[in-house]
Amino acid sequence: MTIELARPHSPEAHHSHRDVTGGWLRPAVFGAMDGLVSNFALIAGVVGAAGAGQGAVLAGFAGLIAGACSMAAGEYTSVKSQTELMRAEIAVERRELARNPDGERAELAALYRSRGLDAELAERVADGLSADPEQALRVHVREELGVDVDDLPSPYVAAGSSFCAFATGALVPLVPFLFGASGLMVALVVSVLALFGFGAVVAVMTARPWWLGGLRQLALGVGAASVTFGLGHLLGVTIA
C-alpha cells in the first residue's frame, strides 16, 4: 500500500488583489450612472413637455457634451486638489524625518508596540525601517496619513474615466431618437436595461449580489426620470 504524504503549500503561492487605489473606479461608475440617469431624465422632461423630435435629440446631445465636460473638469479639480494636499503633507513628514530622525524612529517603535509587538522587537523593526530614509518616509506616511507615496491618485485618470463613462451612459437614452424613435418607450426600455446592467456589473466588481445592485440602480434611475418627466408634463412648455 502506498501512502502519499500531504505536501506543504508552496511558499510562492499567493493571492492577488485588484487595484483599489488607482482613482478610476469611482469616477467611472459615478460618471456612467450619472450620464445615463441625468440624460434620460433630461430627455424625458423634454418629451414630456413637447413630445419626441428634434428637441429631444438636441437636448440629449447638449446634456451629453455639457455633462461629460463638467464631470471631467470636476473630477480633475477635486482629485488634483486632493493629490496636492497629500504631497504637501508628505513634504511635512519628509522635513520632520530630516529634522528629528530619532523622534520619528521612537514614534515608529511606539506604533508597533501599540500593535502588539514586544518592546525589543518593536525597537529592532523601527531601527531597520529608519535606516533607509525613503523607506521610513513610506512607512510613516502610510501609517499616519493612510497614503501610499508611490500610488497617489491621478487627476488625469479620474478626469478621463469620468468623461468617457458619462458620455457612454448619456448616449444610451439618446440612441433610439437618433434612429427615429417617435416616443419615449424605446428609450425607456433601453435605459432600464442599461441601468440594471450597469448596477449589476458594479455589484459584481465589488463582490455584492448582482441582482441587488441592478435593482438599486434601476430604482434610483427610474425615480429620477419619473420626477423630471412629470415636471415637464405638468409645465407643458413649448420648445421651438
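The values are calculated or read from the model by the stated rules, or taken from the named source; none is laboratory data. What you see is a predicted model, and the numbers here were worked out from it, not measured in a lab. Reconstructed Cβ throughout: ideal geometry from the backbone, glycine too, with neighbour counts over all protein chains shown. Surface accessibility is based on the protein's heavy atoms, side chains included, excluding ligands, DNA and RNA. Shrake-Rupley method; radii C 1.70, N 1.55, O 1.52, S 1.80 Å.
Report note on the peptides 80-86, 192-198: ranked by the mean count of other C-beta atoms within 10 Å, highest first, their order is 192-198, 80-86. Karplus-derived 3J(HN,Hα) values for the stretch 95-112, using 6.51 cos²θ - 1.76 cosθ + 1.60 with θ = phi - 60°, are 5, 5, 5, 6, 7, 9, x, 5, x, 5, 5, 5, 5, 5, 4, 4, 4, 6 Hz; glycine and proline are entered as x.
Residues whose amide H lies under 5 Å from that of SER154, counting only those 5 or more places away or on a different chain, are absent; hydrogens are built 1.01 Å from N in the peptide plane. In loop segments of the stretch 112-174 as defined by DSSP, the trypsin sites (Lys or Arg not before Pro) with at most 13 further C-beta atoms inside 10 Å of their C-beta are ARG115.
Segment LEU193..PHE61, full-extension length gain: 45.4 nm, with 0.36 nm per residue of separation and the alpha-carbon distance subtracted. Computed with every protein chain present, the accessible area of GLU120 is close to 120 Å² [probe 1.4 Å].
Could you report the chain's accessible area per residue, 1.4 Å probe, as an integer in Å²? It would help to have the intermediate numbers written out before the result.
Working: 14400 Å² over 240 residues.
Dividing the accessible area of the chain by its residue count gives 60 Å².
Could you give the length gained by full extension between LEU121 and LEU212, i.e. 0.36 nm per residue of separation minus their alpha carbon distance, to one decimal place? Working it through step by step, the gained length comes to 28.0 nm.
Shown in residue order for the stretch 66-81 are the 3J(HN,Hα) couplings computed by the Karplus curve 6.51 cos²θ - 1.76 cosθ + 1.60 at θ = phi - 60°: 5, x, 5, 5, 5, 5, 5, 5, x, 5, 4, 5, 5, 6, 4, 5 Hz (x for Gly and Pro). For the stretch 135-202, the direction-averaged projected area of the alpha-carbon convex hull comes to 6.7 nm². Of the options (i) 217; (ii) 150; (iii) 116, only one is volume of the Cα convex hull per residue in Å³ as computed from these coordinates, and that is (i).
Using Cα-Cα distances under 8 Å and only pairs 6 or more residues apart, what relative contact order does the stretch 103-240 have, in percent?
Worked out over the stretch 103-240, it gives 10 percent.
Sequence-distant contacts, meaning Cα pairs under 8 Å at least 6 residues apart, place the relative contact order of the chain at 39 percent. A simple count of charges around ASP102, restricted to other residues whose Cβ falls under 13 Å of its Cβ and scoring Lys, Arg +1 and Asp, Glu -1, yields -3.
Using Cβ point charges alone (K and R +1, D and E -1), the dipole size of the chain about the Cα centre works out to roughly 1120 debye.
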